Amino acid sequence: MREYLLTLCITAAVTYLLTGPVRKFAIVAGAMPEIRARDVHREPTPRLGGIAMFFGLCAGLLVADHLTNLNEVFAKSNEPRALLSGAALIWLIGVLDDKFEIDALIKLGGQMIAAGVMVMQGLTILWLPIPGVGNVALTQWQGTLLTVALVVITINAVNFVDGLDGLAAGMVCIAAAAFFLYSYRIWYSYGIEAAAPATLFAAILMGMCLGFLPHNMHPARIFMGDSGSMLIGLVLAAGAISITGQVDPDALALFTGSEKAAVHQTVPVYIPLLLPLTIIAVPAADLVLAIVRRTWRGQSPFAADRGHLHHRLLEIGHSHSRAVLIMYFWSALIGFGALAYSVNSASMWIVLGVVFLSAIGLVLLLLPRFTPRAPRWAERFVPPRYRRRRQAAEALTEAAQSATQEAVALEPSAQEAAPATGERAPVTAGTTGVNGATAIGARSRVGKAAR
């Protein structure tokens, strides 16, 4: 555990320290696209944050290769090298997209090629545990197609959810934490060495996200861009592929019985990890809804819009930070709920706890739909929006509006009197038409045409 934590800390430190210089480089390189209609941020923000995350990945793998126990992962398995090869390819495609905005089909082809590179180096699904049947060995073509599909689904799920400051990095970090605890339990408790690469990938992924989050929280100073979102999606998929398709469920020996019974006992965790719908259930749901919505409208599934889950949270009335925290909450509930269920699937308390927390999550989602009013004796202890006394505020607002109207009415007469005296008429502060927003705003086109 100490070596995993050391690898995590080194990865986080390298990512954090490199993000600042990468931000300056992105500004100089012009990787600051104009604000689009679907964007939430107000000012142009540099991308290319994935550069720092990729070098953090390289640093984590390099450190782990020189540690005593983790060195065995590199000696006995080729999966870390396969991950680095696929990550380098997908990262390069993401960097080009952040700078030049390449076509969506080209990115899809690059994702499939990156997954194929990992398959060629041994990171593939060899068998599937199916309830009622047992272990089903896959042919080479079946394993390749399933691996490529998992990589593409996970990458695009993470990429689709990257719409708010700190959202994708935080959700993937939560998913990686749940995944790390599960894979470490398989490796340490059951002594299955095949789970060690997945544990290492999860620790490095947590370090990448934790190192980048301080720069990406609202208001973000830099975005990870496709170079970062596709990268962390690929790392998450690589861990799921490693532990799902190469760890024999019968080797867990949870209880004495047939292979079918062992598979049935572990299926609550293995099937979700195969298509990581528990640890990234929210991004996966957003991906499916986006494809259905755009196809129904006759658009391309890759056409951008403002119909994602985080956009809907903002439309309901949640603030930027609260929308992100709600998405964090649901990701942690689903991911760690599945983890707890895998430890003790017979416990009713786990099911009741998940149901109770789900009810709390629903209340948080619908909170802006109603504005409860606190009793009069408690009004001084709650925010102003929950207070009943609004008459005084409304009276002050009406007085301010009337004062502004009077100032606007008196302004022309003051300007007419100014030439007679030769002095400049004073302008009342705060009147309409003289604030900074008008001074720097666009000028009237009628005036230009008259000139």
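The values are calculated or read from the model by the stated rules, or taken from the named source; none is laboratory data. Please read these numbers as outputs of a predicted model, since none were measured by experiment. Cβ placement follows ideal geometry from the backbone for every residue including glycine, while neighbour counts extend to all protein chains displayed. Note: accessible area is taken over every heavy atom of the protein model, side chains too, but ligands, DNA and RNA are not part of it. Shrake-Rupley method; radii C 1.70, N 1.55, O 1.52, S 1.80 Å.
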Where residue 47 falls short, out of the listed (1) touching a Phe, Trp or Tyr at 6+ places or on another chain (Cβ under 6 Å); (2) in a helix (DSSP H, G or I): (2)
Hits in the range 172-206 - residues which are open to solvent by 10 Å² or more (accessible area, probe 1.4 Å) and closer than 18 Å to residue 10 by Cα: 173, 177, 180, 206
Conditions (1) open to solvent by 80 Å² or more (accessible area, probe 1.4 Å); (2) over 22 Å from residue 222 (Cβ atoms); (3) not in a helix (DSSP H, G or I); number of the one not met by residue 5: (3)
Condition check for residue 144: open to solvent by 40 Å² or more (accessible area, probe 1.4 Å), modelled with pLDDT of 85 or more and among the hydroxyl-bearing types (Ser, Thr, Tyr): no
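Given the structure, is residue 97 of a type in the set (Asp, Glu) and open to solvent by 20 Å² or more (accessible area, probe 1.4 Å)?
Values: of a type in the set (Asp, Glu): yes; open to solvent by 20 Å² or more (accessible area, probe 1.4 Å): no.
No.
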Unmet requirement for residue 169, which otherwise passes all of (1) under 18 Å from residue 198 (Cβ atoms); (2) modelled with pLDDT of 90 or more; (3) open to solvent by less than 10 Å² (accessible area, probe 1.4 Å): (1)
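Quick grid of which residues meet (1) of a type outside the set (D, E, K, R); (2) part of a helix (DSSP H, G or I); (3) at pLDDT below 85:
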site	(1), (2), (3)
195	yes, yes, yes
199	yes, yes, no
204	yes, yes, no
211	yes, yes, no
242	yes, yes, no
247	yes, no, yes
254	yes, no, yes
Residue in the range 107-125 that is surrounded by fewer than 23 Cβ atoms within 10 Å (Cβ to Cβ), closer than 30 Å to residue 23 by Cβ and touching a residue at least 40 places away in the same chain (Cβ under 8 Å) present: yes
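Given the range 296-372, what helices (runs of 4 or more DSSP H) lie entirely inside it while holding 1 or more residues that are surrounded by fewer than 17 Cβ atoms within 10 Å (Cβ to Cβ), modelled with pLDDT of 75 or more and not hydroxyl-bearing (Ser, Thr, Tyr)? If you could, list the steps in order and put the result at the bottom.
On the way: elements: 309-316, 320-343, 348-365.
Where helices (runs of 4 or more DSSP H) fall fully within the range 296-372 and carry at least 1 residues being surrounded by fewer than 17 Cβ atoms within 10 Å (Cβ to Cβ), modelled with pLDDT of 75 or more and not hydroxyl-bearing (Ser, Thr, Tyr), they are 320-343, 348-365.
Please go through the range 50-68 and give me each residue that is hydrophobic (A, V, I, L, M, F, W, C) and outside any helix (DSSP H, G or I), ordered by number.
Taking the range 50-68 as the starting set, the residues that turn out to be hydrophobic (A, V, I, L, M, F, W, C) are 51-55, 57-59, 61-64, 67.
Across the range 50-68, the qualifying residue is only 67.
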Enumeration of residues in the range 72-124 that are touching a Ser or Thr at 6+ places or on another chain (Cβ under 9 Å), among the aliphatic types (A, V, I, L, M) and farther than 19 Å from residue 149 by Cα: 73, 92, 95, 96
The range 21-58, subset more than 19 Å from the chain's Cα centre (by Cα) and open to solvent by less than 20 Å² (accessible area, probe 1.4 Å), residue modelled with the highest pLDDT: 22
